[in-house]
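The values are calculated or read from the model by the stated rules, or taken from the named source; none is laboratory data. Remember, predicted model here, so these are calculated numbers, not experimental data. Neighbour counts run over all protein chains shown; Cβ positions are idealised from the backbone, glycine included.
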Amino acid sequence: MIDDKVLVSRVLGGDTQAFRLLIRQHERLVLHMVGRLIKNEAECEELCQDVFVRVYQKLGDFNFGSKLSTWIGTIAYRYAINALRKQKHAWSDIPDEEQFSSSFIEESNPETLVAEEDSDAFVMKLMNLLPPQYKVVLTLYHIEGMTYPEIGEITGMPEGTVKSYLFRARNLLKEKVKKYLGKEELL
């Protein structure tokens, strides 16, 4: 893996292979950021491409005040949020926690779901049903391994809000997994 500063300078120097490498190194992060919020596969793919076009256009403005991955994650997050707003799913339309908890999962047989897929996939399905802000912090913290300050920088949320959302999201997941599977140890 090439150092971010070297990679950025090579991209800015016109090295297309370096830009391909930059995309490869950060495509999972971008896909997680956009894919957690945008469910339409074609729209998600288009937004991911748009994110990397924007990264390319603005790379000269990047000053290494943060990690490259944090900067790219911020762009991906903003693109996904803007797409949600365009779909009239603004943050204010997201149900509050009580409304959400009651409609968190269809009343289907979880044993059937678990028999079809492993329990990690089941937890990911539950996670995908969370409100967007919870999905984002869970994804960035547990899947991407980012710190609270990095998540705050990407989302624009204060660190306390990040911690609060992470706590609430974990509790919602834990409650549902426990209720439907009786396997508290999964989380």
Review point. Listed residues 30, 53; which is buried (at least 19 other Cβ atoms within 10 Å of the Cβ) and of a type in the set (Val, Ile, Thr)?
Key: 30
Check your understanding: Hey, any hits in the range 39-49 for a residue that's assigned to a loop (DSSP other than H, G, I, E, B), within 17 Å of the chain's Cα centre (by Cα) and closer than 23 Å to residue 133 by Cα?
Key -> yes
Exercise for review: Would you confirm whether any residue within the range 128-141 is at pLDDT 50 or above, farther than 30 Å from residue 65 by Cβ, surrounded by 14 or more Cβ atoms within 10 Å (Cβ to Cβ) and aliphatic (A, V, I, L, M)?
Suggested key: yes
**Study point:** Looking only at the range 102-123, and only at residues there that are loosely packed, with under 14 Cβ neighbours inside 10 Å and outside any loop (DSSP other than H, G, I, E, B), the one that is modelled with the highest pLDDT
**Key:** 121
Exercise for review: Run down 36, 54 and say which single residue is at pLDDT 95 or above and either within 21 Å of residue 144 (Cα to Cα) or out of contact with any Pro (no Cβ under 6 Å at 6 or more places or on another chain) (or both).
Suggested key: 54
Practice item. Pull up the range 146-183, narrow it to residues that are assigned to a loop (DSSP other than H, G, I, E, B) and farther than 20 Å from residue 70 by Cβ, then point me to the one that is modelled with the lowest pLDDT. Key: 183
